[in-house]
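The values are calculated or read from the model by the stated rules, or taken from the named source; none is laboratory data. Predicted model, so just to flag it, every value in this text is computed and none were measured. Reconstructed Cβ throughout: ideal geometry from the backbone, glycine too, with neighbour counts over all protein chains shown.
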Amino acid sequence: MSDALIPALAQTRVVKFARIRRERMLPTRGAVTVTAGNRVGALDIVAKADSAGHLRPVPLARYLRTKETALAQYLLKQPGEDVTAREIIASKPESFGMLRRIYRAPGAGRIAARQGAWLALDLMDAPFELRALYRGAVISVMARQGVVIEATGALVQGVWGTGGEGFGVLRRMVETPEEILSDDKIDVTARGAVLLAGAGVTEAALRRAAQEHVAGLIVGGMSPQWRHLIAELALPTLVTEGFGEHPMSAPIFDLLAAHIGEETVVNTPMDSPTAIRPEAFIPILAAGSAGEAVLPPSTLVAQVGAVVRVVSGARVGEIGKIAEIPNLPRTLESGITAWGAEIEFNTGGRLFVPWENLELIG
Amino acid sequence: MPDSQKTESLLVADIGSVTTKVGLVDAVNGEFRFVSAGIAATTASPPDADLLAGVRDAIRQIEARTARQLLTDDQQLIVPGRSSTQGVDSFVAITSAPQPLRVAIVGLSRELSVTSAVRAVNGTHAVVTAAFALDETGGRWVPVTVPPSPDSAQQTATTVLQDPAVLAAEALARARPDVIVLVGGIDGGATTALYDLANLVAVIIAAREESMRPLVVFAGNSAARAPIADRIGQLTPLRSVDNVQPTLESANLAPLQRELESLYDEKKVKWLPGLNALTNWTSVPVIPSSHAFQNVICYLARRYGLSVLGADIGGGTTTVVTARGEATTRVVHADWGIGHALEKIIEQTDIERLMDWLPIEMTREDAQARWLNQSLRPRAIPVSREDAYLTHAATRVALATAARGVAVDGLDLIVLTGGACASNSNLGVLALLALDALQPQGVFSLAVDPFRLAPAFGSLARVNAEAAASVIERDGFTTLGTVIAPWSNNREGQIDVRVQIQPASGGIINLEVQHGSLELVPLLPGQKATIEVRPAGGVDLPHVKRGVFKAEIEGGALGLIIDARGRPITLPSDPEKRRTKVQQWYWDIGGEVAYV
């Protein structure tokens with residue numbers, strides 16, 4: 001079969017040692033606190049913003065029972081000025097000056113704009129501090145927006161993330177990748193750690209993990225029912241295989257298990273076309289791995305001998321090697337005729353799998 | 001016959017959100033014909049973030065299959081062609097890969113202007129991220145739970161009363177749309193409330209940094225244009241179009257839809273990574289796939305004088321187009337499909353509605369997990385029968401939802417294209433999915449797009465109309481056959497119709513079709529037959545004269561389908577009986593037989 005007829009397969013990177021570059025961006029404009037060339041630790045602040053941005057438009061003229069054209073004369077604060085919580089922003093005399101109708105700021109912030117009858121308040125949440133997350137070097141700065149950090153270490157890509165990010169020491173919570181993480185395994189020692197689970201996690205374990213303020217969770221599978229719960233718990237979670245109960249793939253589990261006790265980043269951005277895939281990263285200093293070349297992860301190629309993971313259908317999640325690339329398509333049980341490859345699995349056995357249901361892993 | 005002065009070999013690319021299809025069209029024996037295709041993953045997102053990578057992968061497959069060199073050593077398309085084995089004369093591309101335009105709607109009345117604006121947005125590559133209707137913001141203040149402030153001594157959440165107008169305005173500000181559509185007021189009506197809305201829009205825009213401000217489209221009372229421009233035009237680009245609700249009785253969606261399509265092109269299509277390089281290959285702009293598909297459906301309607309419905313069920317977008325004479329409607333459900341957008345279907349649809357169409361027993365959790373996994377790996381194809389059933393169920397719901405509100409009666413032809421065709425190579429299944437999802441009545445033909453390139457073929461008309469017409473007619477669609485779908489209020493088991501089929505050659509076939517059943521009578525492609533359909537009492541079929549409907553029909557890959565399941569199709573409430581029924585329909589239409 002011509003190489004051109006082998007489609008480019010999806011890839012999941014599971015790399016012992018690679019150099020990566022990651023953008024770290026503020027949610028709103030602010031100030032970058034580092035310069036290009038600075039070395040940063042995971043918890044170092046690289047940029048700050050006064051607020052994550054919470055705009056509250058208020059129909060002020062209606063509240064003061066006045067016309068929009070008359071509103072300006074009652075304003076005590078003007079657009080651009082800061083306000084403190086409960087500070088009077090507008091005051092209108094009533095009953096011949098004996099009473100005043102006032103409007104107080106619902107929280108600290110800034111008067112962002114005024115137009116007609118409306119006033120927009122930019123309410124301060126807590127000031128937003130952007131941490132480096134990746135230990136490495138700042139290689140570029142985007143003024144008022146963020147930085148790009150270059151880091152070296154072990155990288156594991158997942159398939160789904162809950163949003164959010166965490167950083168802590170990696171703790172192994174299960175003996176095997178097939179095991180389900182239950183709440184009795186989580187205690188106070190999990191606080192601030194990134195937990196390595198197996199094929200799934202129980203609801204009680206998720207609640208216990210949130211209660212103990214764990215920094216992150218890495219798990220093979222996730223019940224679809226826990227998607228909303230986990231978002232409510234704000235527990236950064238990296239799912240490596242998919243929804244349902246799925247043992248974590250051996251290369252992923254083995255790589256993570258080799259770094260137990262080391263600082264680990266869990267970065268799980270929500271799905272978006274420009275976002276990176278959810279990932280776990282264990283920083284390793286380049287100098288600490290003498291003899292190994294520090295290069296960006298190489299591109300994987302679909303060819304006989306390449307290591308692949310089945311992502312759908314029979315033997316989903318299993319790892320194997322491309323043993324043979326047939327010259328003709330085959331008809332599947334579903335009735336669909338598809339091109340693909342014969343896969344020899346690490347656990348034994350051989351199966352034809354369509355190209356679309358394979359991804360390169362490594 | 002191809003004109004030597006015109007282009008003779010053409011390459012068409014359809015860059016979808018999941019896959020990129022490229023087709024080669026060339027003059028064969030004096031006619032333009034589809035020659036070969038390549039299919040690759042779309043590479044608009046990281047890690048490639050360059051859609052040319054996927055287009056090149058697909059082109060290389062065509063090179064390997066046809067021994068025709070299309071790319072130079074530095075991977076540029078050879079256009080115009082140098083010889084019959086090197087390059088092509090023209091290249092045309094369409095796309096549905098960009099993210100949809102995020103639109104917030106601000107209007108006076110939920111029932112009138114806001115509803116009309118939502119309908120207009122639903123006909124374009126846009127999604128409504130927030131809708132603010134002034135008439136919903138009055139009334140009592142509502143209790144809202146406020147979490148404790150991190151710097152406050154208070155540790156527990158508190159409940160405060162909030163103005164519904166402020167809550168709605170906050171939601172509008174949070175939506176961070178690409179475009180705000182401001183609507184309200186009938187032409188010649190009052191304007192005061194509209195100006196208040198314009199002030200709200202202006203204050204939200206003014207609070208944003210200039211580079212992050214959304215654009216505003218005003219589609220309200222045309223008398224208010226100048227004052228609205230005074231309030232908003234200084235802050236952000238403002239475009240005014242005809243009122244979407246010019247009178248209380250009528251809506252005018254087209255001008256707003258045209259403007260949104262134009263903005264989609266400016267703000268989404270043109271920003272696709274790699275598009276600039278791609279445009280060096282093509283002499284005509286890259287257009288949205290839904291436009292190209294609409295052109296194909298309109299062409300079929302005009303060419304054959306038919307009422308046609310076309311459904312394109314993709315990984316990220318589902319489009320339904322109808323063309324009846326000169327009247328055309330198009331509904332685009334952006335972010336709604338059977339690929340990555342399946343997650344949205346799971347989120348927004350009662351899961352039981354999906355489960356109802358499964359002929360096998362499966363737990364809700366297992367089914368939900370598999371659908372979500374399909375959305376994570378949208379290119380994956382069903383291997384087992386169970387996987388196929390899950391895909392079929394999702395396809396039915398995706399299409400049924402997208403076609404809600406579209407008139408499906410009185411059609412002559414229904415055509416299907418998109419990823420659904422790729423995942424369901426069984427033609428019987430495709431027919432079943434179309435019938436289950438659309439539930440059309442009457443007598444009509446069914447066709448599918450086997451190469452999923454029909455929309456791209458339609459776009460060829462921009463460089464060579466003759467090639468487009470030729471390749472659509474000869475290679476664009478596979479006719480499945482003719483469907484007879486009567487309306488009936490009979491009970492299960494009662495006779496709905498008696499059918500006599502007299503093929504041009506062969507014996508007469510007489511059938512009595514019971515209510516609730518689906519019958520398939522094989523009739524080969526090109527084979528003609530005369531049919532006489534006699535509806536029983538309580539059964540309605542269009543064009544029945546003196547109790548008989550007579551027609552001459554032509555066969556297809558399936559033949560004649562008699563769908564006597566009634567409208568709407570009622571599924572048994574008992575799960576076991578429901579599964580048996582759905583399974584029976586699969587068997588009836590040959591949906592368990594693989595076409596190799």
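Points worth noting:
- The residue that is farthest from the chain's Cα centre (by Cα), among those in the stretch B:184-224 that are among the charged types (D, E, K, R) and closer than 16 Å to B:L108 by Cβ, is B:D196.
- Of all the criteria given as (1) within 14 Å of chain A (Cβ to nearest Cβ); (2) in contact (Cβ under 8 Å) with a residue 40 or more places away in the chain; (3) not in a helix (DSSP H, G or I), the one not satisfied by B:A311 is (1).
- Filtered residues of the stretch B:361-419 (kept if touching a residue at least 12 places away in the same chain (Cβ under 8 Å), basic (K, R) and over 27 Å from B:A447 (Cβ atoms)): B:R364, B:R370
- Test: B:A369 is at pLDDT 95 or above, crowded, with 18+ Cβ neighbours inside 10 Å, among the small types (G, A, S) and under 15 Å from the mean Cα position of the chain (by Cα): no
- Total residues in the stretch B:334-359, condition away from chain A (no Cβ under 13 Å), of a type in the set (A, V, I, L, M, F, W, C) and assigned to a loop (DSSP other than H, G, I, E, B): 4
- Looking across B:A49, B:A58, B:A104, B:A27, one residue alone is within 14 Å of chain A (Cβ to nearest Cβ) and either free of Cβ contacts under 8 Å to residues at least 12 places away in the same chain or in a strand (DSSP E or B) (or both). It is B:A104.
- Qualifying residue in the stretch A:216-232 (condition: farther than 30 Å from A:V310 by Cα and not in a strand (DSSP E or B)): yes
- Condition met for B:V18 (in contact with a Gly (Cβ under 6 Å, 6 or more places away or on another chain) and either at pLDDT 95 or above or within 13 Å of another protein chain (Cβ to nearest Cβ) (or both)): yes
- For B:G38: the one exception among (1) closer than 30 Å to B:V406 by Cβ; (2) small (G, A, S); (3) part of a strand (DSSP E or B); (4) modelled with pLDDT under 95: (1)
- The set of residues from the stretch A:93-132 being modelled with pLDDT of 90 or more, farther than 22 Å from B:A206 by Cα and either within 11 Å of another protein chain (Cβ to nearest Cβ) or touching a helix residue (DSSP H, G or I) at 6+ places or on another chain (Cβ under 8 Å) (or both) comprises just one member, A:R101.
- Evaluating B:A292 against the criteria (1) surrounded by 24 or more Cβ atoms within 10 Å (Cβ to Cβ); (2) over 19 Å from B:T20 (Cβ atoms); (3) of a type in the set (A, V, I, L, M, F, W, C) leaves one unmet condition, (2).
- Scanning the stretch B:480-533 for residues that are of a type in the set (S, T, Y), under 16 Å from B:I553 (Cα atoms) and crowded, with 16+ Cβ neighbours inside 10 Å yields a count of 1.
- Complete set of residues in the stretch B:425-457 that are among the β-branched types (V, I, T) and over 15 Å from B:I313 (Cβ atoms): B:V443
- When the stretch B:556-578 is filtered for residues that are buried (at least 20 other Cβ atoms within 10 Å of the Cβ) and not acidic (D, E), the ones remaining, listed by number, are B:G556, B:A557, B:L558, B:G559, B:L560, B:I561, B:I562, B:A564, B:R565, B:G566.
- Of all residues in the stretch A:32-62 being more than 14 Å from every other protein chain (Cβ to nearest Cβ) and assigned to a strand (DSSP E or B), the one that is nearest to A:A72 (Cα to Cα): A:K48
- Leading residue by the ranking (farthest from the chain's Cα centre (by Cα)) among those in the stretch A:243-273 that are within 14 Å of another protein chain (Cβ to nearest Cβ) and surrounded by fewer than 21 Cβ atoms within 10 Å (Cβ to Cβ): A:E245
- Being touching a residue at least 40 places away in the same chain (Cβ under 8 Å) and within 11 Å of another protein chain (Cβ to nearest Cβ) is a property that does not hold for B:V217.
- The residue that is farthest from A:E245 (Cα to Cα), among those in the stretch A:198-215 that are out of contact with any helix residue (DSSP H, G or I) (no Cβ under 8 Å at 6 or more places or on another chain), in a loop (DSSP other than H, G, I, E, B) and touching a residue at least 40 places away in the same chain (Cβ under 8 Å), is A:A215.
- Which numbered condition B:L376 misses (of (1) away from chain A (no Cβ under 12 Å); (2) surrounded by fewer than 24 Cβ atoms within 10 Å (Cβ to Cβ)): (1)
- Scoring B:D187 on the criteria (1) more than 14 Å from chain A (Cβ to nearest Cβ); (2) modelled with pLDDT of 95 or more leaves a single failure, condition (2).
- Residue match in the stretch A:78-92 (condition: among the acidic types (D, E) and closer than 18 Å to B:A206 by Cα): yes
- B:R174 vs. criteria at pLDDT 80 or above, surrounded by fewer than 20 Cβ atoms within 10 Å (Cβ to Cβ) and at the interface with another protein chain (Cβ under 9 Å from one of its Cβ atoms): yes
- Verdict on A:A10 being within 30 Å of A:E359 (Cβ to Cβ), within 14 Å of chain B (Cβ to nearest Cβ), among the hydrophobic types (A, V, I, L, M, F, W, C) and in contact with a Leu (Cβ under 9 Å, 6 or more places away or on another chain): yes
- Hey, B:R385 in the same structural domain as B:P440 (by TED's automatic domain parsing), among the basic types (K, R), farther than 30 Å from B:Q257 by Cβ and out of contact with any helix residue (DSSP H, G or I) (no Cβ under 9 Å at 6 or more places or on another chain) or not: yes
- Hits in the stretch A:284-321 (condition: modelled with pLDDT of 80 or more and exposed (fewer than 11 other Cβ atoms within 10 Å of the Cβ)): A:G305
- Some residue of the stretch A:219-233 being within 13 Å of chain B (Cβ to nearest Cβ), crowded, with 18+ Cβ neighbours inside 10 Å, among the small types (G, A, S) and free of Cβ contacts under 8 Å to residues at least 40 places away in the same chain: yes
- Meets criteria (in contact with a Ser or Thr (Cβ under 6 Å, 6 or more places away or on another chain), assigned to a strand (DSSP E or B) and surrounded by 24 or more Cβ atoms within 10 Å (Cβ to Cβ)) for A:L195: no
- Tally, over the stretch B:93-111, of residues that are of a type outside the set (S, T, N, Q) and either surrounded by fewer than 19 Cβ atoms within 10 Å (Cβ to Cβ) or over 23 Å from B:A334 (Cα atoms) (or both): 3
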